[in-house]
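The values are calculated or read from the model by the stated rules, or taken from the named source; none is laboratory data. Source: prediction; values computed, not measured. Counting neighbours? That spans all protein chains shown, and the Cβs are built from the backbone with ideal geometry, glycine included. All accessible areas refer to the heavy atoms of the entire protein, side chains included, with ligands and DNA or RNA removed. Shrake-Rupley method; radii C 1.70, N 1.55, O 1.52, S 1.80 Å.
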Amino acid sequence: MKTTLLKKIFLFLLLRLATAPAWASDLEWLLPPAYSQVTRFSEGLAAVEVNGLWGYVDPRSKWIVPPRLSAAKPFREGLAAVAVGTGWGFIDLRGNFVISPDYGAVGNFSEGLAAVRVQDKWGYLRRSSRGEGPIFEIPASFDVAGDFYQGRAAVVVAGGHGFINRKGSWVLPPWYEDAWPFVEDRAAVRVRDAALAGAERGSLGPDGKIGFVNLDGEWVIRPQFDATFRGRVFSDGLAGVAYRGRWGFINRDGRWVVEPMYDAAWSFSEGFAAVRKGQKWGYVSTTGRLVIEAVFDDAMNFSEGLASAKWQGRWGYIDRRGAWAAEPLYMEAWPFSEGLAAARDVRGRWGFLGRKLTPLFGAAFEGARSFSEGLAAIAYEGKKYYMNEEGRLAFAARFDDAGDFSEGLAAVASGDKWGYIDAKGSVLVPFSFEVAGPFRGGLAAARLRNRWGYIDKRGQWVVKNRYDQTWPFSEGLAAVRAGKRIGYVDAKGRVLVAPRFGFPAEGEQAGSFSEGLAAVLVNGKTGFIDKAGKLAIRAVFLPWKGEAPRFHSGLVRVETAQGPRYVDRKGKVSEALAGGIDTETPPGALVPFKSAWGGWGYADAAGRTVIPAVFDAALPFNESKAAVMRGGRWWYLARPKP
């Protein structure tokens, strides 16, 4: 019976290996084409239309806001503009109205303000933080009003375009034919009446030309460029502009970086800009070199490493080499956002494409753990086995429970007792413990007779089992709990920091040492001690949840009443980093995240979605592979290529 079961597992894995390719840049429908219209994904949701009504779905095609709206826009700053009948308002991520649909038209929330139209005039609302409803921050007095960017918004009065600040004061009076948003401290404006504008700003040049102003409304690049509908916005330090009918790129000082030689151009994105030569499109780099030949009928900006391009009447996606990541099969294809791209199939229906999630191996497991030291524990028909990096069983032995390999050993259970095996499946430490943890620094936490201590690789007690709870060693010390107090012991069992610190909430981790400091609780507040037990950073921060905060590169993330902050080793709060960096995630790493609606995906260190939240569960990438679960079954993904 046992032999038959092992053969079943082996044959399944072999078949999976033979038919499932490694991760490729190919795309597939992650949300099948079933919608009449869609918007891009933003803040985890996309607006979609079905049978004339709009709602919002998550990356698993799950309705978060049912289709009951007349129109809908993408979420920004936690709110989305939606219409019910002819009235526009704003909903939150759960679909609840925060601002009632009482307005004739609205913009998007941007920098805390949203443009709304009252009768025939536009003003700006802010969302109240005290629950008394929306508040008019800037009265409705404009003919047209745009979103705020860099503290400035383009508005129109009596046909003239200008810019206001967040107080509604003029930064640039409405003297101009057109104005575009501020990006990288520059905004393009088009001259309407050079004589009038020149009276205040000096000679501007011919009517109808485009120039650039700074945040103070001062000319930094004088009007000299052709009026066109493309370009005009700085990106990567460059802006596409037309001069005497030819397109090139200027820097922030107005100097040519790419001489005007193209028939059309888009803005730079991810280091590339689409340019047209004759009737064909290609891409140039920021140095002006043509890096992707002009062979496409049309092209869009790069986003998340891919760009949509048109070939012989159909759209597909290319990578940064110009190779097809998805062949041109689609009637329309939009840029990627949060790991997904909206595309329209030949039947006219919209769906969302994403990178293929083909199993590396698996798809039949009841459970799976991360790879460690080349092996991973899997669950199949109620038992635990170990699989190697080729997707095959590492050895025939099976167990009732199993942990990860560390320092050459893994804790495994037979019945209700735990022991340790080596990478060949041989039992090196007999099944004699109630619970057993991973080895760190040659020691592992273990429990016997309901008391915790530390054992060596022979299973001998090095630190006697006399504690109520223990945690792994880090920098030569380990946290232990005696009663309701936390202290620290060394590898010989000597108490170096007496148990006097608060016990974290059930399920939370005790602080471990990193860069010489460990997080502790004092009167319910988080502080940091050195290895002598002296408070190095006063306990003034909120208690942590889950894993205790650890120092990385001289900084640690802590929770405050104002939100997360970063603190240095002297306890100084860095306000400059209040917006958040991730000192714990190395560049290029991917970390799992859980969406507000229960789906799991992966993001990079900057918080950008790389794999959308389409899984029911997801473990961290370890040794270039991650275990993921959908529909109750686990499988493994290879880490996507950058």
TODO: Compute the distance in nm between two label points, each set 7 Å from the Cα along the Cα-to-Cβ direction, one at VAL495 and one at GLU332.
DONE: 7.1 nm
TODO: State the answer as a single residue: which of VAL82, SER100, LEU590 lies farthest towards the positive end of the charge dipole of the chain, with beta carbon charges of +1 for Lys and Arg and -1 for Asp and Glu, about the Cα centre.
DONE: LEU590
Open item on the list: Calculate the FRET efficiency for GLU506 and VAL220 from the Cβ-Cβ distance with a Förster distance of 56 Å, rounded to the nearest 0.05.
Closed with: 0.45
Task: Restricting segment 457-564 to trypsin sites (Lys or Arg not before Pro) in coil, as DSSP defines it, with at most 10 other Cβ within 10 Å - done: ARG458, LYS484, LYS492, ARG494, LYS534
Task: Most to least accessible of TYR467, TYR243 (protein chains only, probe 1.4 Å) - done: TYR243, TYR467
Task: Residues of segment 416-442 with amide N under 14 Å of a point placed 7 Å along Cα→Cβ from ARG458 - done: 429-430
TODO: Take every Cα pair under 8 Å in the chain that's 6+ residues apart, average their separations, divide by the length, and report that relative contact order as a whole percent.
DONE: 8 percent
TODO: Report the extension gain between TYR243 and GLN312 in nm, rounded to one decimal, defined as 0.36 nm multiplied by the number of residues separating them, less their alpha carbon distance.
DONE: 21.8 nm
Task: FRET efficiency for SER61 and GLU623, using Cβ-Cβ distance with R0 set to 25 Å, rounded to 0.05 - done: 0.20
- [ ] Mind checking segment 315-392 for chymotrypsin sites (Phe, Trp or Tyr not before Pro) that DSSP puts in a loop (not H, G, I, E or B) and that have at most 16 other Cβ atoms within 10 Å?
- [x] none
Open item on the list: Classify segment 211-298 from the C-alpha gyration tensor, please: rounded if a/c falls under 1.5, else prolate or oblate depending on whether a/b exceeds b/c.
Closed with: prolate
Task: Centre separation in Å (Cα based) which lies between segment 386-442 and segment 270-308 - done: 53 Å
Task: trypsin sites (Lys or Arg not before Pro) restricted to DSSP loop in segment 325-384 with at most 12 other C-beta within 10 Å - done: ARG347
TODO: For ALA532 and SER128, compute 0.36 nm times the residue count separating them, minus their Cα-Cα distance, and round to one decimal in nm.
DONE: 140.6 nm
TODO: Just add up the charged neighbours of PHE302: K/R +1, D/E -1, any other residue whose Cβ is under 14 Å from the Cβ of PHE302.
DONE: -1
Task: Reported label for calculated Rg and Dmax of the Cα atoms in Å given (1) 33.6, 107; (2) 44.7, 145; (3) 29.9, 95 - done: (3)
Task: 222 nm mean residue ellipticity, helices alone, for the chain (DSSP H n ≥ 4; -39,500 (n - 2.57); rounded to 500) - done: -1500 deg cm²/dmol
Open item on the list: My understanding is that a pair violates if its Cα-Cα distance is over 24 Å; which of LYS457/LYS545; LYS531/LYS572; LYS417/LYS457; LYS384/LYS492; LYS457/LYS492; LYS484/LYS572 do that in this structure?
Closed with: LYS457/LYS545; LYS384/LYS492; LYS484/LYS572
Task: Where a label projected 7 Å from the Cα of SER285 along Cα→Cβ would reach, residues of segment 307-332 with amide N under 17 Å - done: 319-323
Task: Exposure ranking of GLU515, GLU381 by accessible area [1.4 Å probe, largest first] - done: GLU381, GLU515
TODO: Measure up LYS62/LYS280; LYS534/LYS594; LYS310/LYS641 against 32 Å on the Cα-Cα distance and list the ones that go over.
DONE: LYS62/LYS280; LYS534/LYS594
- [ ] Taking only protein heavy atoms into account and a 1.4 Å probe, give the accessible area per residue of segment 445-497 in Å².
- [x] 50 Å²
Open item on the list: Probe radius 1.4 Å, ligands and nucleic acids ignored: give me the carbon and sulfur share of the accessible area of the chain as a rounded percent.
Closed with: 51 percent
- [ ] For ARG608 paired with VAL84, estimate the spin-label separation in nm (one decimal), with each label point 7 Å from Cα along the Cα-to-Cβ line.
- [x] 3.8 nm
- [ ] State the extension gain, in nm to one decimal, for the chain segment bounded by SER553 and ALA158, taking 0.36 nm per residue of separation less the distance between their alpha-carbons.
- [x] 136.7 nm
TODO: In nm, give the distance between the simple-model label positions of ASP185 and ARG349, each being 7 Å from the Cα along the Cα-to-Cβ direction.
DONE: 5.1 nm
- [ ] Provide the FRET efficiency to the nearest 0.05 for the VAL257-ASP568 pair, computing r from the beta carbons and using R0 = 41 Å.
- [x] 0.60
